[in-house]
Every structure is written in C-alpha cells, then in structure tokens.
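Handing you a structure now.
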Amino acid sequence: MVGRINLDLVKIDLNGRILDIGGGGEGVIGQLKGAQVVAIDLRADELMEAADGDYLKVIMDAKQLKFLDDYFDTITAF
C-alpha cells in the first residue's frame, strides 16, 4: 500500500548547483533555490508551465545529459 508523504522541502539542505530532473510542472525546486537550479524536462510545455524564477529551464533527456561531470552538487527528481 502506498501512502501520502509530506516533505518540508524548505528544511532540506540543498547547497551548490542543483540539477532538477523533471523540473517542469510546478518547478518547486526552482522556486525554492532560484539561481542554484537548472531544471530539465523532456517536454517544453512542462517547462513553460513551471513558475517563473531565477533558474534555468532546459529541454533535455535525463538519459543523455549534456553537462560536464561533477558540475552539480545535488540532483533532485520528483
């Protein structure tokens, strides 16, 4: 059985550069951490739907990342 889990993302310590895989939709991590975040999603419409903020939105497949190794300190996926 799967239950509901509530997370207080504000209390999670995310430092340095953050890659948010599937960062479209609500763009929660981008809203919380701003310029630290690069949000990627396969779908342009999902990225367009994400809240505006001081973070980068990129159409990209997480299976074929185009970043240098060790560029990000933290990776999130929701």
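In the chain, which strands (runs of 3 or more DSSP E) lie fully inside it and hold 3 or more residues that are out of contact with any Phe, Trp or Tyr (no Cβ under 8 Å at 6 or more places or on another chain) and either surrounded by fewer than 17 Cβ atoms within 10 Å (Cβ to Cβ) or not acidic (Asp, Glu) (or both)? Even if it seems obvious, please write down each step before you answer.
Values: elements: 18-21, 37-41, 56-59, 74-77.
Hits in the chain: 56-59, 74-77.
Can you say whether residue 77 is touching an Asp or Glu at 6+ places or on another chain (Cβ under 8 Å) and either among the polar types (S, T, N, Q) or modelled with pLDDT of 90 or more (or both), as far as the supplied structure shows? Walk me through how you get there before you give the answer.
Numbers: touching an Asp or Glu at 6+ places or on another chain (Cβ under 8 Å): yes; either among the polar types (S, T, N, Q) or modelled with pLDDT of 90 or more (or both): yes.
So residue 77 fits the description; yes.
For residue 30, only one of the following conditions fails: (1) within 9 Å of the chain's Cα centre (by Cα); (2) modelled with pLDDT of 95 or more. What is its number?
Failed condition: (2).
Count, please, the residues in region 56-74 that happen to be touching a helix residue (DSSP H, G or I) at 6+ places or on another chain (Cβ under 9 Å) and either over 13 Å from residue 16 (Cα atoms) or of a type in the set (A, V, I, L, M) (or both).
Restricting attention to region 56-74, the residues satisfying the condition of being touching a helix residue (DSSP H, G or I) at 6+ places or on another chain (Cβ under 9 Å) are 56-59, 73-74.
Subsequent filtering for residues that are either over 13 Å from residue 16 (Cα atoms) or of a type in the set (A, V, I, L, M) (or both) retains 56-59.
The total comes to 4.
Here's another thing I want to ask about it. Do we have any residue at all in region 16-27 that's in contact (Cβ under 8 Å) with a residue 12 or more places away in the chain and farther than 15 Å from residue 77 by Cβ? Full working, then the answer.
First, the residues of region 16-27 that are in contact (Cβ under 8 Å) with a residue 12 or more places away in the chain: 16-27.
Applying the additional criterion that residues be farther than 15 Å from residue 77 by Cβ yields 16-17.
Yes.
Kindly evaluate residue 5 against the criterion of being more than 11 Å from the chain's Cα centre (by Cα), more than 19 Å from residue 70 (Cβ to Cβ), among the β-branched types (Val, Ile, Thr) and modelled with pLDDT of 90 or more.
Details: more than 11 Å from the chain's Cα centre (by Cα): yes; more than 19 Å from residue 70 (Cβ to Cβ): yes; among the β-branched types (Val, Ile, Thr): yes; modelled with pLDDT of 90 or more: no.
Answer is no for this residue.
The values are calculated or read from the model by the stated rules, or taken from the named source; none is laboratory data. Predicted model, so just to flag it, every value in this text is computed and none were measured. So basically every Cβ, Gly included, is an ideal-geometry build from the backbone, and we count neighbours across all protein chains shown.
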